[in-house]
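Novice: Okay, here's the structure, questions in a sec.
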Amino acid sequence: MKLKFTIILAIASFSFFSISCTNRKVTRIDTNDQIDINGSWNSTDSRLTAEELIKQISNNVWLANHLQAKNKKPVVIVGMVNNKSHEHIETEMFIKDLERSFLASQQIGLVQSGKKREELRGEKADQQTNASVGSMKKFGLENGADFILQGSINSVVDAYKRQKTVTYQVNLELTNIETNEVVWIGEKKIAKYIKN
């Protein structure tokens, strides 16, 4: 009797597992659709925050001051954006959204940072030995950045029973590399109400 019950339970479990796996459906969506499944930071938050902050940077007085003083558009490097929030946030995605927004504005130049810059320098070093003289790229001709953009993503969670609010605050600072003068500070907040 016990063996019969175990066999029936195993068959029922297998059947339930098979049925639940076949009900899954995946649908392609537009990447600009604003879908928020669990209330966590997502690609929409990243994109909209980057666009808003670059709009703030581009409409600020520091840009006009630089253009008047130097008579050329400023060059920016995007530095570290630290995740200080309560959840895992892939900051590289946010940094790419910032860089894409800079380029789309066409008011500010952008240079590579970090590991990508080192990879470019490694390629130039390799070309010194392995490329023809006419196609070899020279050292010392990089565009130097005038400003560096750095910041952090923070969050505050307020929860009670089956309800919670999550507020994300992204703070960015633009600093003149030569003088260390902070020329712009911006922030963007996103608040979400989640009820289970």
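What follows draws every value from the coordinates through simple rules; no lab data is involved. Only a predicted model underlies this, so the values are computations on that prediction, with no experimental measurement involved. Note that we place each Cβ from the backbone using ideal geometry, even for glycine, and neighbour counts take in every protein chain shown.
Novice: Per-residue HN-Hα couplings for segment 139-149, Karplus 6.51 cos²θ - 1.76 cosθ + 1.60 at θ = phi - 60°, whole Hz, x for Gly and Pro?
Specialist: 6, x, 10, 5, 6, x, 6, 8, 9, 10, 9
Novice: Report the full-extension gain for the segment Val26 to Ser58: residue separation times 0.36 nm, less the Cα-Cα distance, to one decimal in nm.
Specialist: Fully extending the segment from Val26 to Ser58 adds 7.6 nm.
Novice: Let me ask something else. Can you put His86, His66 in order, fewest other beta carbons within 10 Å first?
Specialist: In order of increasing Cβ crowding within 10 Å: His86, His66.
Novice: Kindly provide the trypsin sites (Lys or Arg not before Pro) of segment 58-91 that DSSP labels as loop, not H, G, I, E or B, and whose Cβ sees at most 15 other Cβ atoms within 10 Å.
Specialist: Here the trypsin sites (Lys or Arg not before Pro) that fit, given the DSSP loop and packing criteria, are Lys72, Lys84.
Novice: Neighbour counts of other C-beta atoms within 10 Å: give me Arg117, Arg162, Arg28, Arg47 arranged from fewest to most.
Specialist: Arg28, Arg162, Arg117, Arg47
Novice: So which of Lys161/Lys192; Lys70/Lys96; Lys96/Lys188; Lys116/Lys138 end up more than 25 Å apart by C-alpha?
Specialist: Lys70/Lys96
Novice: Relative to the first principal axis of the alpha-carbon coordinates of the chain, what is the inclination of helix 91-105, with its axis defined by its Cα atoms, in degrees from 0 to 90 and to the nearest 10?
Specialist: Taking the Cα atoms of the chain, the angle to 91-105 is about 50 degrees.
Novice: Cut-off is 10 Å between beta-carbons; in what order do Phe102, Phe94 appear when sorted fewest neighbours first?
Specialist: Phe102, Phe94
Novice: Right, another one. Looking at segment 113-196, which chymotrypsin sites (Phe, Trp or Tyr not before Pro) are DSSP coil and have at most 15 other C-beta atoms within 10 Å of their C-beta?
Specialist: Passing sites in segment 113-196 are Phe139.
Novice: Working from Cα positions, state the angle (0 to 90°, nearest 10) between the long axis of helix 43-58 and the longest principal axis of the chain.
Specialist: 20
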